[in-house]
Structure formats: C-alpha cells, structure tokens
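> Right, I'll just put the structure down here and ask away after.
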Amino acid sequence: MPFDHGEAPVLEALSRYHTSQQLSFSPPGHKQARGADRRVRDVLGDAVFYGDVLASGSLDDRRTSSRVLERAERLMADAVHATHTFFSTCGSSLSVKAAMLSVAHPHEKLLIGRDAHKSVVAGLILSGIQPVWVDPRWDADRNLAHPPSADDFEAAFAAHPDAKGALVTSPTPYGTCADLCAIADTCHRRQCPLIVDEAWGAHLPFHPDLPTWAMDAGADVCVTSIHKMGSGLEQGSVFHLQGDLIDPALLKTRADLLGTTSPSVLIYAGLDGWRRQMAQHGRDLLEGALHLAAQMREAAENIGGFHVNDRLDFCGPGLADDFDPLPVVIDVSGLGTTGYRVADWLREHRRVDVHLADHRRINTQLTHADDQETADVLLEALKAVSAAGPDLVPSPTVDVPPPATLRLQQTCLPRDAFFGAVEDVPAQEAVGRVSAEMITPYPPGIPAVLPGERLTEPVLHYLRSGIDGGMNIPDAVNTRLATVRVMVERKADRPVTPRA
C-alpha cells in the first residue's frame, strides 16, 4: 500500500488530544501550561507547554495501541528510501552511539574516520570498542580535513581484517563528502556494515543536485540530525537502517539502552512535520535554497578580503569526493584576521550569527528557510565586516601544525584512559603524558585530543594559541588549558629520553 505523505501521525494525534480536552493527572507537572510561571510563559509561549505531553498515556494510550510513533517512523523511512527508521529525542549524539553498539561489541574493532564528532568518541568510551583510526584527507594549503577515501578504508581493513565494520562522517560541517558508494562496497565485500554519520545531510534525499544520500549509496545505518539542515527542533534526530547485516530489533534495543524513557513529543512532532514538508515540497524548497546559495557565493566572492571555498577548492585528487554548496564557507584570511574575530564582530555589530568559525574561515550556512531578505542582510553584514577589517588586526596567531604532527599516538582504549586513575597537571608538564580527556574545538566538535592519546608540544601549543585567538574548548576540565587531565603514570610508562 502506498504511503500518504500528507499524513503527520504525531501532529494529528496531538491535535486530537487538545480537541478531546483530556484532563491530565500525570506528568508533565505544568498541566498544559497552567502551572508554569507566568514569566516563563511570557518568554516561551503557551504553545510549547501545550505540545509537551506524555508520548505514552497522552499522545497515545497506555499500550500505544494507535501506533502513532510507529506510523510516523514508517512514513519517514519511505520518504528517505530506508527500510527502517527510528526517531531520537536525544540528538544524533545518541543515534550514532546506538549504531556503533549494534556493529561492534566491547574490545572489538571498528574502523572510524579520525575526523569523527566527539559523540563518536563518547560512544567508544561508553562501549569499550577499540577504534582503528582512518586518517582523513588533509588539505595542507587550507589546513582542513576531508573524509577518508574508500582506498583508505580498504587499507585499514587489510591491516585489521577482524574489524567489525566502519564509520565515516559525510558531509563534514564544511560540506565536503566521501564517496559513500565506494566505501559501502569496500565494507560489503567483507560482509561488514557501514555506518554513516550524516548529521549534516538531512536535506540530501530531497534534491538530485545534492550529494548522494547514504541510504541511496548502500550504507547500512545512517544517522541524521533533523535540527541541523532541516526544520526539526534541537535534539531531533533519526537513524535509518537497510540491508540484512544489522538486525533492526538489535538496533532498537541499543537505542533503548541509551535513550530517555521520557521522550519529548515536541521533538517527535518536529520530526514528523519536517518529513511531511519535505516529502511534499522538498524539491522546490531546496531548488530555491540552491539558487540562493549560488547567488550568495558569487556576491561574497566579490567582497574584499574574502574567498568563498567552492568545489574547485574542496574536491579533487587527495581531497573530498563531493560537495554540498549550502554551507557557504568563507575564507577570511585575506582580511589578516581569524574567523573567530569575524564571527564575533558580526554577532556584536550586525546581530548575525554564523554556524562555525575557525582560525581562517566562517561558515554561513543556508537552508530552505532562507530567502532573499535574509540573504541580503547577510551580504550587507559581510560587506560591513570587510570594511571594518583594519579594526580586526592585529589578531592572535593560531599555530596549526602540519597533519603528521597533529596526529597523536593512541596508547590505550579511550575507555581505559577516561575511567582510569587521573590527575591534572600544568599544560607545560603534560607533554609526553597520556590524555584522560577529550579536548575539542567547538564547533565543529571534532576532538584534537582523545583519551588515550599521548600529548605532544605542537598540539598543546596549537590548542593554547587557538584559545588565545578565540577558539572554544568546552569539554576540557580546564577550558583555558592551564592544566590538562592525564592518566597517572606508572614508572614503567614514562617515556625514556635518549641520551645525546
């Protein structure tokens, strides 16, 4: 029977709940806004509280006999060409962990691109899975990592034939993509599943001019954040499954192990409504977004001190395989300053927030929600910050070391380092010690240091110079890196300094 994408089971059930005028003597305790503080209601609005009901016992009955969530998930799966779909109200940070736990068990190996998000590392810490790191492709000219290639995964499988599967991040937060078809083929020739962290790719299934969607490329599990490039609320995530290499019941139990027993119906409703919107109007909406992005790219390229990174910059031999043009990534180094300074100036002087900033770039992400009016505001703000360029220098230098120096030695499982005996030492004394924490420039949230990696002076200098230049490192115990959390050393673990 064909699916009717005009339906929205969660939203329709919520509407029926309101129409029926049910009187609740169960959580949530605000009782449809009646108990909420007026000052809170004035800021949030009552609609937030009206949509905040129990998923089981309010939206649906005690036994969920109407199968509201199940029907919404089936519609989502059909819309994106998956076999099974699972909703998550805990973000893709939960979804990717559930996927990892479905592929590998504690102490088993999983091939993972080293440009993975910190949520993947958190999954390693919780699970005890042994990572086999696959280095991303590094653009030394632009100091930027792109996803590993199929050949990189092929080599990793050859060196570790006992690996249970692979995980790749595509698109990256900068919009660069891997050849997922080739990587899936590399995995499937070994009867191993491929997990794709496609958190930035919720829009990809809905327009043919966008990079290939993970399910269409043959991936086994795909994790997507609907709140990033879609119309969902924050924490709204879905993970999709196809093929016969992972049991859907197993994936569901792993998600249930990690997820909340009090899911937000508001987030479910956002996921459900976004699927309906995209199934009915996605191609037209994205056609407009792509046209707007092309205009914005051309206009921003003509602003002094700016260079808009495009396909010719990011794709090619040794670089990315494909490219999403909606993240408009602008190199601001021509202004003699950092992306951090430009982002801060735009927020302070023009009330414009960019997605991410680094030592030389900003990412002004466009979606189907943008129009000519918002694009014009952005363009005028970019012109203004360009004109203010002289006021942004001198700027603290962020010393980015070459890729071989950035890459640290993994000495033990991330889990063992994180849960082992630890101590905080001054940063200058941390060189040669094994980190017991993640140290992550955020956004985009790709750790520079992982638990279990041996710290080096160039990496610590890079991070401390980054902090001085505006980098945010929220997950370190000491966010200024005056101290670093490291494993307590046994005498036998101390590196021996050779005599001259």
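> When you scan region 38-58, how many residues do you find that are among the small types (Gly, Ala, Ser), under 31 Å from the mean Cα position of the chain (by Cα) and in a loop (DSSP other than H, G, I, E, B)?
Matching residues across region 38-58 total 3.
> Quick one: LYS491 ticks every box in (1) over 19 Å from ILE125 (Cβ atoms); (2) at pLDDT 95 or above bar one, so which box is it?
In the conditions (1) over 19 Å from ILE125 (Cβ atoms); (2) at pLDDT 95 or above, LYS491 misses (2) alone.
> ARG41 passes all but one of (1) loosely packed, with under 13 Cβ neighbours inside 10 Å; (2) modelled with pLDDT of 95 or more; (3) not hydrophobic (A, V, I, L, M, F, W, C); which number fails?
For ARG41, the failing item is (1).
> Just one of ILE267, ILE303, ILE246 is in the same structural domain as LEU101 (by TED's automatic domain parsing) and not polar (S, T, N, Q); which is it?
Step by step, each of ILE267, ILE303, ILE246 is checked, and only ILE246 is in the same structural domain as LEU101 (by TED's automatic domain parsing) and not polar (S, T, N, Q).
> Here is a follow-up. Among the residues in region 82-91, are any aromatic (Phe, Trp, Tyr), touching a residue at least 60 places away in the same chain (Cβ under 8 Å), assigned by TED's automatic domain parsing to the domain that holds ALA145 and under 27 Å from THR19 (Cα atoms)?
The first filter runs over region 82-91 and keeps only residues aromatic (Phe, Trp, Tyr), leaving 86-87.
Right, trim to touching a residue at least 60 places away in the same chain (Cβ under 8 Å) and you get 86-87.
Applying the additional criterion that residues be assigned by TED's automatic domain parsing to the domain that holds ALA145 yields 86-87.
If we keep only those that are under 27 Å from THR19 (Cα atoms) as well, we get 87.
Yes; the residues of region 82-91 include at least one that is aromatic (Phe, Trp, Tyr), touching a residue at least 60 places away in the same chain (Cβ under 8 Å), assigned by TED's automatic domain parsing to the domain that holds ALA145 and under 27 Å from THR19 (Cα atoms).
> Could I ask something else about it? Say whether the condition of being of a type in the set (Ser, Thr, Tyr), farther than 28 Å from SER119 by Cα, surrounded by fewer than 16 Cβ atoms within 10 Å (Cβ to Cβ) and without any contact (Cβ under 8 Å) to a residue 12 or more places away in the chain is met by at least one residue in region 47-54.
Within region 47-54, the subset of a type in the set (Ser, Thr, Tyr) is 50.
After this cut, where a residue has to be farther than 28 Å from SER119 by Cα as well, the list is 50.
Within this subset, residues satisfying the condition of being surrounded by fewer than 16 Cβ atoms within 10 Å (Cβ to Cβ) are 50.
Filter again for without any contact (Cβ under 8 Å) to a residue 12 or more places away in the chain, leaving none.
For region 47-54, residues of a type in the set (Ser, Thr, Tyr), farther than 28 Å from SER119 by Cα, surrounded by fewer than 16 Cβ atoms within 10 Å (Cβ to Cβ) and without any contact (Cβ under 8 Å) to a residue 12 or more places away in the chain: absent.
> May I ask you to verify whether GLY304 is without any contact (Cβ under 8 Å) to a residue 24 or more places away in the chain and over 20 Å from the mean Cα position of the chain (by Cα)? First the steps, then the outcome.
Numbers: without any contact (Cβ under 8 Å) to a residue 24 or more places away in the chain: no; over 20 Å from the mean Cα position of the chain (by Cα): yes.
For GLY304, the condition - without any contact (Cβ under 8 Å) to a residue 24 or more places away in the chain and over 20 Å from the mean Cα position of the chain (by Cα) - is not met.
> Those residues that are of a type in the set (Lys, Arg) and in contact with a Phe, Trp or Tyr (Cβ under 6 Å, 6 or more places away or on another chain), I need them from region 102-161; list them, please.
Matches in region 102-161: ARG114 only.
> I would also like to ask the following. If you scan region 204-226, which residues turn out to be in contact with a strand residue (DSSP E or B) (Cβ under 8 Å, 6 or more places away or on another chain) and among the acidic types (Asp, Glu)?
Correct list: ASP220 only.
> Still on this structure: Test LEU271 against the criterion of being in a helix (DSSP H, G or I), in contact (Cβ under 8 Å) with a residue 60 or more places away in the chain, of a type in the set (A, V, I, L, M, F, W, C) and closer than 20 Å to ALA214 by Cα, and give yes or no. Show your work before the answer.
Numbers: in a helix (DSSP H, G or I): yes; in contact (Cβ under 8 Å) with a residue 60 or more places away in the chain: yes; of a type in the set (A, V, I, L, M, F, W, C): yes; closer than 20 Å to ALA214 by Cα: yes.
Here the answer is yes, as LEU271 does meet what is asked.
> Taking the stated definitions as given, is PRO148 under 14 Å from GLY316 (Cα atoms), free of Cβ contacts under 8 Å to residues at least 40 places away in the same chain and either not aromatic (Phe, Trp, Tyr) or not assigned by TED's automatic domain parsing to the domain that holds ARG189 (or both)? Steps first, please.
Working: under 14 Å from GLY316 (Cα atoms): yes; free of Cβ contacts under 8 Å to residues at least 40 places away in the same chain: yes; either not aromatic (Phe, Trp, Tyr) or not assigned by TED's automatic domain parsing to the domain that holds ARG189 (or both): yes.
Against the criterion (under 14 Å from GLY316 (Cα atoms), free of Cβ contacts under 8 Å to residues at least 40 places away in the same chain and either not aromatic (Phe, Trp, Tyr) or not assigned by TED's automatic domain parsing to the domain that holds ARG189 (or both)), PRO148 qualifies.
> Hey, any hits in region 190-197 for a residue that's buried (at least 18 other Cβ atoms within 10 Å of the Cβ), more than 17 Å from PRO444 (Cβ to Cβ) and over 20 Å from the mean Cα position of the chain (by Cα)?
Among the residues of region 190-197, at least one is buried (at least 18 other Cβ atoms within 10 Å of the Cβ), more than 17 Å from PRO444 (Cβ to Cβ) and over 20 Å from the mean Cα position of the chain (by Cα), which makes the answer yes.
> List every residue pair whose Cβ atoms lie under 9 Å apart, where the two residues are 6 or more positions apart in sequence or sit on different chains, the first residue falls within region 415-441 and is at positive phi, and the second residue, located anywhere, is modelled with pLDDT of 95 or more and part of a strand (DSSP E or B).
Once the first residue is at positive phi and sits in region 415-441, its partners that are modelled with pLDDT of 95 or more and part of a strand (DSSP E or B) give GLY432/ARG454.
The values are calculated or read from the model by the stated rules, or taken from the named source; none is laboratory data. A quick note: this is a predicted structure, and the numbers were derived from the prediction, not measured. Quick reminder, even Gly has a Cβ in these numbers, built from the backbone with ideal geometry, and neighbours come from all protein chains shown.
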